[in-house]
Protein chains: 2
Amino acid sequence: MKQAIWLLALLGAATVQAGEPAPAAAPNGITLPAYFKEWRVIGVSHRNDKNSLRAILGNPAAIEAARQGRTQPWPDGAILAKIAWKESTSPDWPAAVVPGELQHVEFMVKDAAKYAATGGWGYARWLGKELAPYGKDAAFDQECFQCHSAVKGRDYVFTRPATFP
Amino acid sequence: MKQAIWLLALLGAATVQAGEPAPAAAPNGITLPAYFKEWRVIGVSHRNDKNSLRAILGNPAAIEAARQGRTQPWPDGAILAKIAWKESTSPDWPAAVVPGELQHVEFMVKDAAKYAATGGWGYARWLGKELAPYGKDAAFDQECFQCHSAVKGRDYVFTRPATFP
């Protein structure tokens, strides 16, 4: 019953735009996950070194894993999405840093076998509102992988799921 | 068809805990909206004056309104949720501010007639992981209303929906 109510609440006003052209795939073949804007929140962050604010979302498999603490390792099928905005100042509350221009959206797709060469995760990023694929060739993800290797002990994921009530 | 795929993606691994005891209502009678953790993202913020990071979510009516720009005024039925965490530093990336302890969850519930005395919005807040209702008596929301009156010209809402792809 409760599940039914929840579903009705979600479906009550679904905002899915059909017919939008899909952006080009990343150079390693990863395509933009559909409906990632509808995914739920895993965390947020403010990167002072990049002057950007981020929302970290997860597909249902990732949300399940995050809420149940199954992140060492994350399960195959989990996808993490990071939406990054240039930091801006609230016109109405100067002490608040708020999202400005959209910088990029980026993804980590867990498939231990398929992406074994990059720690079990496939990486992809699209830039700006026009969602231009990032990277010159298929080797672009070495840049992602090398940086994320700093957190190899956390299955290559910097984000620690935030505490929810 | 696309809608069907989206629904399947959302429903694939629904994480709804049934049987959790509901927290007490706010002193003005507002009850904690069910399943707000499943709501989608409207924005994020970093309050330097409160040393907190926030995720701003919306129920389906609020998400519809935000994406369509119907926020002057927001429609009746829209509910905005703000989840606030104490700011912390990423153990793995010192330049990143990340969520620490959960501080509170707070809500704005739009009903122009019902909440006419407070600008058409009902306010409520619950503190900490235990979700203790905030406010000594039903007049607590005057504090909320007075602060939000600074943005009366934006229908009392500080959050400007972030840009999504």
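The values are calculated or read from the model by the stated rules, or taken from the named source; none is laboratory data. Note that the structure is a prediction, hence the values are computed from the model and not measured. Cβ atoms come from the backbone with ideal geometry, glycine included; neighbour counts cover every protein chain shown. Side chains included, ligands, DNA and RNA excluded: accessible areas come from the protein's heavy atoms. Shrake-Rupley method; radii C 1.70, N 1.55, O 1.52, S 1.80 Å.
Seen from B:Gly119, the other residues with C-beta closer than 9 Å to its C-beta sum to a net charge of 0, counting Lys and Arg as +1 and Asp and Glu as -1.
Could you tell me the convex hull volume per residue, in Å³, taken over the Cα atoms of the range B:81-141?
On the way: hull volume 5.7 nm³, N = 61.
Per-residue hull volume (Cα only) is 94 Å³.
Which entries of A:Lys50/A:Lys86; B:Lys37/B:Lys114; B:Lys50/B:Lys86; A:Lys37/B:Lys129 have Cα-Cα distances beyond 18 Å here? Pairs exceeding the cut-off: B:Lys37/B:Lys114; A:Lys37/B:Lys129. For the range A:23-154, the share of DSSP beta bridges that are antiparallel, to the nearest 5, is 100%.
Return the tail of the calculated pair distribution for the protein assembly as shown, meaning the percent of Cα-Cα pairs more than 38 Å apart. Write out the running numbers ahead of the final one.
Details: 7060 of 54285 pairs.
That tail contains 13 percent of the Cα-Cα pairs.
By accessible area, using a 1.4 Å probe on protein heavy atoms only, the protein assembly as shown has 55% of its surface on carbon and sulfur.
Hey, got the average number of other protein chain Cβ atoms within 10 angstrom for residues in B:115-127? Each step should come with its number before you reach the end.
On the way: counts 0, 0, 0, 0, 0, 0, 0, 0, 0, 0, 0, 1, 1.
Counting Cβ atoms of other protein chains within 10 Å of each residue's Cβ and averaging gives 0.
Treating each Cα of chain A as one equal point scatterer and applying the Debye formula with no solvent, the log10 of I(q)/I(0) at q = 0.12, 0.16 Å⁻¹ comes out as -0.60, -1.06.
Pairs of C-alpha atoms in the range A:19-112 farther apart than 17 Å represent 58 percent of all such pairs. Counting Lys and Arg as +1 and Asp and Glu as -1 over every other residue whose Cβ lies under 12 Å from the Cβ of B:Phe158, the net charge comes to +3. The value of relative contact order for chain B, using C-alpha pairs under 8 Å at least six residues apart, is 20 percent. Peptide A:97-103 is shielded by partner chain Cβ atoms: per residue, an average of 5 of them sit within 10 Å of its Cβ.
Solvent-accessible surface (1.4 Å probe) assigned to A:Phe145 amounts to roughly 40 Å².
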